[in-house]
């Protein structure tokens, strides 16, 4: 339905001087799509209220609704060119529409009104030409998001745009985790309706969206009470970066969660000793950012002090998970074997406080553009680890931009993980047998034959040089004896 429309919008943005990257395209497409989606949502609620014999109160006042400023219609339902702005469109958007929408941030934080205010407080209209903006509005006006099929396709295409943004460069990649991997992590952790689900580094909210999809796959069988629980009491997230935060909120709204419980804040700025029982969650699904350079003032909030961002997040996740709670966390594979004090202490903390029951070892290239290999840690909080089941994903191809990770690649892991079965790619490790000083959990597949390590060319040349020298000496000795 909408694929060509999305392409047309990108083509228009490509010719506008204010938008130069995929990140700009997603950001600018997002706020326009959001306002059209909001208008359709309001019209649907108005119809539902009328059927119930009630009067619907619009969120937006009349002059700021879609049909008033974006695409006013004439008596025949066509664009009214006398009322539709074009050259003056940017003046209206920048000086009237955005300031009006920002004011909603004064509303109660759990409402969709507050989320509207948050979104537009962070956003800026970068489309420099009013005529280009008019073209985009006309395209979006032809898109309708009232039927389930329409909303489903919109959410699918929006995810594709986020993926494209993530693959466009390093900054975008911070916001994107491959969806086949997320779906596999969600299936493995297996959240239930009534449990709280948390991601403290939620980016574009991929984990929360896929968890929502997982819990609503049989939506027709859910009661109104269960849907209310999913809408208001299930999904929680935090995100520090402005663009990721607004895309995360819009991604959830476009997938059907009307007022996402996502907060714009630095998760690591919270002292984990201040976390109380009421703050804890049943399920944690996350891919925290990797990288060193965290300042000492932030490190003070953690018992194990380190400049590695992901290690601080892991401490936060362990602390904020409820006793008996379950987690699936992406982390660098070096976490399993690094010998520095922070890595050793963190492995000890995890093994003593949680049951690290499964580790999925991913090949290089699973995350496009990332220069590190990763593992997924699956653990339950409350009992110490006695045995760890490892699965090493060995593929017969190299992963890359045109050959990405898919769910079929992960089918064997999903099947074997249920019983922690041994195979050519999986094995179990008794924690009592590991080094109790280093707690080294290196991924070493005992079922895989060691391959001959290819030597470096320089090493081979040195060896040839040494052998040549020895041959000359031998020949010289032979000549002396002739």
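We did not get these values from a lab; they are worked out from the coordinates using the rules stated. Predicted model, so just to flag it, every value in this text is computed and none were measured. Here Cβ is always computed from backbone atoms with ideal geometry, including for glycine, and neighbour counts include all displayed protein chains.
Shown here is the pair-distance distribution of region 3-146: with all Cα-Cα distances grouped in 10 Å bins from zero up to the longest one, the shares run 11, 39, 37, 12, 1 percent.
Rg/Rh, computed from the Cα trace of the chain with Rh as the Kirkwood radius, has the value 1.08. The long axis of helix 130-141 is offset from the longest Cα principal axis of the chain by roughly 90 degrees. Treating the angle as unsigned and between 0 and 90°, give the value, to the nearest 10°, between the Cα long axis of helix 179-189 and the longest Cα principal axis of the chain. Between the helix axis and the principal axis of the chain, the angle is about 80 degrees. For region 170-433, the share of alpha carbon pairs falling in successive 10 Å distance bins from zero is 7, 30, 38, 21, 3, 0 percent. Normalised by the number of residues in region 144-267, the mean separation of alpha-carbon contacts (under 8 Å, six or more apart) gives a relative contact order of 26 percent. So how far, in whole Å, is the C-alpha centre of region 127-166 from the one of region 365-414? Rounded to whole Å, the Cα centres lie 33 Å apart. Going from the residue with the fewest nearby Cβ atoms within 10 Å to the one with the most, 109, 220, 155 rank 220, 109, 155. The distance linking region 180-243 with region 270-343 is 21 Å (Cα centroid to Cα centroid, whole angstrom). How far is helix 112-122 tilted, in degrees, relative to the longest principal axis of the Cα atoms in the chain, given as a value from 0 to 90 rounded to the nearest 10? That helix lies at roughly 70 degrees to the long axis. In the chain, the DSSP-assigned H stretches of four residues or longer account for a calculated mean residue ellipticity at 222 nm of -13000 deg cm²/dmol, using -39500 (n - 2.57) per stretch and the full residue count as denominator.
Residue exposure proxy: 255, 81, ordered by other Cβ atoms within 10 angstrom of their Cβ from fewest to most, comes out as 81, 255. State, as an integer percentage, the relative contact order of region 346-452 based on alpha-carbon contacts under 8 Å between residues 6 or more apart. Worked out over region 346-452, it gives 27 percent. Contact order, relative form, for the chain: 11 percent (alpha carbon pairs under 8 Å, 6 or more residues apart, mean separation divided by residue count). Note on 147, 360: ascending count of other Cβ atoms within 10 Å places them as 147, 360, the fewest first.
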